[in-house]
Structures are given as C-alpha cells and as structure tokens.
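Please read the structure below before turning to the comments.
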Amino acid sequence: MSSKGQIVLPAEIRQQDGIRSGQVFEVERIDCGEYLLKRKTRQRNEGLVKLLLACPAKGWFKPGRRQETTDDLQIPKLG
C-alpha cells in the first residue's frame with residue numbers, strides 16, 4: 001500500500017488480465033483483510049465529447065441537442 005492509498009498489483013497479474021495504468025477498480029470489503037476488486041468498465045466513447053470540444057480546430061464540433069436519442073427511433077418491421 002502506498003502513502004497515497006494505492007495498491008500495486010504484481011506485473012504477472014497485470015499482464016495476464018491486460019490491466020493498464022490508470023484503469024479504475026471498485027473495491028468491496030468481504031471481511032477483515034479480504035477484499036474483492038472489480039475492474040470498472042468504461043462506457044463506450046467515454047470522454048469523446050470532451051476530447052472533441054478540446055479540438056484545436058475551434059467550432060468544428062458542436063454537441064447536438066439532447067431532445068432526441070436513438071432510443072426514440074421507430075424501427076420498421078421487415079416482411
């Protein structure tokens with residue numbers, strides 16, 4: 001345990017499971033001295049809007065209106 005409260009996983013485990021620097025885990029306390037680590041999955045395209053808004057070509061990207069989503073689309077029946 002580091003002075004910042006960080007836990008270091010052995011390199012062998014990181015390599016086996018494809019764990020990269022900066023990945024976030026949830027920690028669940030099972031019992032005294034026993035914990036369960038679960039890798040938090042990132043949502044697809046997480047941070048993409050922030051990245052595009054920071055694009056050096058200003059005005060290139062503008063967020064769309066949030067009135068309508070793909071959940072609102074009516075899918076036609078085939079056949």
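Some observations on this one:
- Filtered by the rule that a residue be aliphatic (A, V, I, L, M) and not in a loop (DSSP other than H, G, I, E, B), segment 1-60 gives A11, I13, V27, I30, L36, L37, L48, V49, L51, L52, L53.
- Conditions (1) modelled with pLDDT of 85 or more; (2) open to solvent by less than 100 Å² (accessible area, probe 1.4 Å): number failed by Y35: (2)
- Contact map, segment 33-45: residues that are touching a residue at least 12 places away in the same chain (Cβ under 8 Å) paired with residues that are aliphatic (A, V, I, L, M) and assigned to a loop (DSSP other than H, G, I, E, B), Cβ distance under 9 Å, separation 6+ or inter-chain. Pairs shown: L37/I7; L37/L9; R39/I19; R39/V24; K40/V24.
- Counted residues, segment 59-79 - those being over 25 Å from the mean Cα position of the chain (by Cα), among the basic types (K, R) and at pLDDT below 70: 0
The values are calculated or read from the model by the stated rules, or taken from the named source; none is laboratory data. A quick note: this is a predicted structure, and the numbers were derived from the prediction, not measured. So basically every Cβ, Gly included, is an ideal-geometry build from the backbone, and we count neighbours across all protein chains shown. Accessible surface areas use protein heavy atoms only, side chains included; no ligands, DNA or RNA. Shrake-Rupley method; radii C 1.70, N 1.55, O 1.52, S 1.80 Å.
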